[in-house]
Amino acid sequence: MRLKRFARGRAATDLLSRFPEMLVAATVAVALAAGTTVTLGIHRPWTTLPLALIVGVALWRAIRPHDAPSDADARAARWSLGGVAAWIVVGFFFASEYLVVTRDPGFLSLTGVWLTNHPTTDIPTRGAIEAAAQQTNVIADAWQAWNLSGNVVQPQGAKMLPAVLSVGGWVDGVTGVLATNIVIGGIGILAVYLVARRLLGPFAALGPAALVALTVSHIGLSRSPYSEPLTLLLIVASIAWAWRGLEEGRIGALVAAGATSGATALCRIDGGVYALGVLLGVGVVCVWRGKKGIAPLLAVVIPQALMVGAGYWSLWRWSTSYIERLGSEARTLAIVYSAVVVLVVIFQVAIAPFLGRVRVSVAAHRVVLARIAAALTALTMVVLASRPLWMIDRRGTVSTTDQFTNNVVGQFQQLDGYPVDPTRTYAEHTITWLSYYLTWPILALATLGLAIIVWRTFTSRPIAVVFLGAFAVPSLVYLLRPEIVPDQLWAIRRFEPITLPGLAIAAGVGAWWLAQWVARRFSSPYEREHATHVASVIAAIILVAAPISTYVSVKLGAANPVSAPPYIYMREQGGARAEIDKLCRIIDGRPVILSGSSGYFGTIRVMCDVPVVLALEPLQADALARMAKVWGQDPVVVTRSPETVWSITPAPVFTSNLLSGEYALEYIPRLAVESTSKWYAGTVGSDGTVTPIAPLE
């Protein structure tokens with residue numbers, strides 16, 4: 001009897017300690033399955049969910065831990081699971097209503113809503129092309145977010161995240177779509193815990209996981225449908241599995257790491273950058289092993305390259321205009337990725353087996369090399385952080401995209417009272433951006449931690465180079481050239497997938513090393529254990545308190561001198577669902593002529609499921625009559641600019657209010673902005689006359 005109770009207790013401990021990784025694997029399996037079916041144009045519950053189950057079982061068989069977990073593993077896992085569960089539940093209360101296209105989450109969430117009931121992201125125009133042809137400057141799409149391709153409208157961007165969001169839609173409709181990214185963000189925290197556990201141990205790994213969970217950036221980017229939390233999950237999970245595969249000689253885990261890291265290309269157009277980091281990290285380990293490294297390298301390269309290729313093919317098929325618009329950048333990234341893959345494989349097969357003397361020499365001088373590499377790592381961080389003191393980065397070209405960005409930057413500078421210099425990229429401030437969310441003390445600890453990890457990579461833990469490679473490649477690319485409109489929270493997106501969690505893990509390494517050093521330096525041998533415990537508790541408090549300190553902003557002389565980032569207490573685009581419900585009631589299943597307000601084009605097409613055209617100039621009665629004839633029924637004109645439709649302004653059908661975070665250069669947004677809209681609508685008669693619709697009660 002005692003033996004049975006012990007066995008049951010041991011089994012429960014094993015299950016609990018492994019449950020964080022099981023959740024990570026299950027979520028990755030859903031993402032891989034959804035990304036596959038949406039790419040093939042067969043995204044339905046009866047295709048995606050069985051495939052997710054098959055992928056999940058195969059994934060777990062490939063990556064499940066073989067070593068027996070300790071009681072400390074189980075206790076730490078309990079804390080991680082409890083913390084993430086609480087984080088997700090709180091997030092549900094503040095889930096965004098991001099259903100209007102002002103930035104990426106708008107079309108991503110709407111595409112997720114569309115995929116809830118459709119197998120592909122192609123949206124039929126249903127006569128909108130013919131209707132739009134009846135007047136100049138009336139179009140059947142809406143520029144970048146919604147692009148015509150033949151007789152369908154294609155939403156911009158990669159399709160994996162909308163497909164995963166639609167899985168939530170199968171559970172609870174629009175609410176499920178809007179809540180799913182919060183779950184993804186929570187599981188991403190568990191992935192950070194898994195990697196941190198390899199460098200720190202079970203309890204100490206809770207510190208970096210909590211640090212990521214409490215940053216305003218991770219909270220804000222998870223509560224709205226941004227693609228970065230899913231990219232974080234994929235890339236951090238692939239680091240953990242590549243590490244296990246190399247350490248334990250498990251080809252299956254390496255295949256899982258390759259496929260998962262390559263799947264970032266199904267999630268983002270720049271996914272190849274993140275995949276490249278994992279590849280180079282694994283490649284260094286494999287080269288060091290000589291002939292024995294060929295099979296592990298190919299186990300990562302082949303599935304990763306296939307997934308990266310699938311990602312770019314998916315963009316070409318389902319977002320043709322988007323890939324054409326960013327064609328030069330996409331081609332450059334594809335060429336660089338392909339070239340690196342070829343070079344790494346050639347080097348591994350043709351050169352690495354003959355580097356025996358080099359390996360012996362490196363091993364003999366590893367301490368000296370470790371010192372040099374650690375010093376260079378710390379110096380690099382210091383130089384990057386110091387750039388605002390000695391440089392200003394500006395755009396050198398003036399393409400259409402650059403000009404648009406210049407105009408936006410100039411508007412932000414004017415709004416914030418800065419000197420107007422619209423060509424500034426603010427690329428020299430990228431480390432400063434990270435300090436807004438992590439704080440400077442954490443960045444200092446992260447610098448120390450990175451140096452320590454580099455040191456240990458040379459002296460005792462060479463496989464840690466997988467983490468360093470995955471962290472360094474995309475981090476350096478975007479720290480030097482972020483290529484993004486530099487307002488917050490928008491700009492920090494570049495660093496959410498791996499830079500921010502990587503620095504959090506490094507800060508944990510630095511904090512616990514410093515705690516142990518202080519305990520050894522300032523306590524007697526008899527008090528050392530107690531002193532180490534106290535110092536470790538202080539380190540944990542610092543890791544948790546640092547991001548929380550960013551929740552309060554003090555700006556003397558401002559209208560609101562004490563404020564908090566709206567992303568921690570507000571629903572982004574709060575009020576949008578009520579507004580859309582009213583719009584759909586007015587539209588009542590009829591075709592729509594939207595005059596202005598292009599951000600609502602996809603909102604009306606998807607949420608009200610009616611054909612839509614967008615009018616860029618005042619409407620003409622004869623053209624409206626022809627549109628009604630094309631559709632075979634009286635359409636509805638909807639606008640927030642009544643002067644484009646009527647000579648005498650009628651009463652609005654309703655008034656709506658939306659909440660959103662402010663746009664801010666050089667600080668975390670600290671104010672919620674409420675915008676008020678008056679909506680006007682009218683039915684189009686056979687003669688083109690627009691009869692105003694009475695206000696809603």
Practice prompt. Going by C-beta contacts inside 10 Å, put His218, His43 in order with the fewest on the left.
Written response: His43, His218
Response to the item:
For segment 534-658, the charge dipole (Cβ of Lys, Arg +1; Cβ of Asp, Glu -1; about the Cα centre) points to a positive end, and the Cα of Asn560, Ile586, Ile648 closest to that extreme belongs to Asn560
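What list do you get for Ile88, Ile587 if you sort them by fewest beta carbons within 10 Å?
Neighbour counts put them in this order, fewest first: Ile88, Ile587.
Report the local net charge at Ile187: Lys and Arg +1, Asp and Glu -1, summed over other residues whose C-beta lies under 15 Å from its C-beta. Don't skip to the end; give the middle numbers.
Numbers: positive: Arg18, Arg223; negative: Glu21, Glu228, Glu496.
Around Ile187, the surrounding residues sum to -1.
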Item to complete: Identify all lysines with a Cα-Cα distance to Lys629 below 23 Å; exclude those on the same chain that are fewer than 8 residues away in sequence.
Response: none
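What number, in percent, do you get for the relative contact order of the chain if the mean sequence gap of Cα pairs under 8 Å and at least 6 apart is divided by its residue count?
16
Taking a quarter of the surface of the convex hull around the Cα atoms of segment 243-363, what do you get in nm²? Present the calculation step by step, with values, prior to reporting the outcome.
On the way: hull surface 29.8 nm².
Answer in nm², one decimal: 7.4.
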Discussion item. Only four residue types carry charge here, +1 at the Cβ of Lys and Arg and -1 at the Cβ of Asp and Glu. Report the dipole size of segment 365-550 about the Cα centre in Debye, rounded to the nearest 20.
Written reply: 680
Fill in: For the chain, with +1 on Lys and Arg beta carbons and -1 on Asp and Glu, the positive-most of Thr125, Gly277, Ser321 along the dipole
Gly277
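For segment 399-481, what does the relative contact order come out to in percent, with C-alpha contacts under 8 Å and a separation of six or more? Could you put the intermediate results ahead of the total?
Working: 35 pairs, mean separation 20.2, N = 83.
Relative contact order, segment 399-481: 24 percent.
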Item to complete: Find the all-direction average of the projected area of the Cα convex hull for segment 365-550, expressing the result in square nanometres with one decimal place.
Response: 13.1
Practice prompt. Can you figure out the FRET efficiency of Arg75 with Cys584, using R₀ = 56 Å and their beta-carbon distance, to the nearest 0.05?
Written response: 0.65
Worksheet item: How large is the dipole of the chain about the Cα centre if only Lys and Arg carry +1 and Asp and Glu carry -1, each at its Cβ, rounded to the nearest 20 debye?
Response: 3100
Discussion item. Given contacts defined as C-alpha pairs under 8 Å and at least six residues apart, what's the relative contact order of segment 243-363, whole-number percent?
Written reply: 32
Discussion item. So, R0 is 25 Å and r is the distance between the beta-carbons of Trp316 and Gln144; what FRET efficiency does that work out to, to 0.05?
Written reply: 0.90
Discussion item. Show me the ranking of peptides 445-457, 194-206, 343-355 by mean Cβ neighbours inside 10 Å, starting with the highest.
Written reply: 445-457, 194-206, 343-355
Response to the item:
Along segment 103-120, Karplus-curve 3J(HN,Hα) (6.51, -1.76, 1.60; θ = phi - 60°) to the nearest Hz, with x for Gly and Pro, reads 8, 3, x, x, 6, 5, 5, 5, 5, x, 4, 4, 5, 4, 10, 9, x, 9
Item to complete: Report the net charge of residues surrounding Pro669, where surrounding means a beta-carbon distance below 10 angstrom and charges are Lys +1, Arg +1, Asp -1, Glu -1.
Response: -1
Worksheet, complete the sentence: The lysines whose Cα lies under 25 Å from the Cα of Lys582, excluding any fewer than 8 residues away in the same chain, are Lys678
Fill in: Computed lengthening from Phe404 to Ser675, 0.36 nm per intervening residue step minus Cα-Cα distance
95.2 nm
Fill in: Cysteines in the chain that, by Cβ-Cβ distance, have no pairing candidate under 4.7 Å
Cys267, Cys286
Worksheet entry | 3J(HN,Hα) from dihedral phi, segment 170-181, Karplus parametrisation 6.51/-1.76/1.60, rounded to Hz, x for glycine, proline | 5, 7, 8, x, 4, 4, x, 4, 6, 8, 5, 5
Worksheet item: Length gain on complete extension for the stretch Phe354 to Gln516, per 0.36 nm per residue less the alpha carbon to alpha carbon distance?
Response: 54.2 nm
Response to the item:
CD proxy, 222 nm, the chain: helix-only mean residue ellipticity via -39,500 (n - 2.57) per DSSP H run with n ≥ 4, per residue, nearest 500, stands at -20500 deg cm²/dmol
Practice prompt. Scan around Ile693 for amide H atoms under 5 Å from its own, H built in the peptide plane at 1.01 Å from N, and keep only partners 5 or more places away or cross-chain.
Written response: Ala681, Gly682, Thr683
Fill in: Unit charges at the beta carbon, dipole of segment 365-550: most positive-side option, Tyr418, Ile498, Val537
Val537
Fill in: Taking Thr377, Thr689 and counting other C-beta atoms within 10 Å, the order from fewest to most
Thr689, Thr377
Response to the item:
A chain fully extended from Glu247 to Ser460 at 0.36 nm per residue, minus the present Cα-Cα distance, gains in nm 75.4 nm
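A short reminder: the numbers here are calculations on the coordinates, not readings from a lab. In this text, all values refer to a predicted model and were calculated from it rather than measured experimentally. Glycine also receives a Cβ, built like all others from the backbone with ideal geometry; neighbour counts cover every protein chain displayed.
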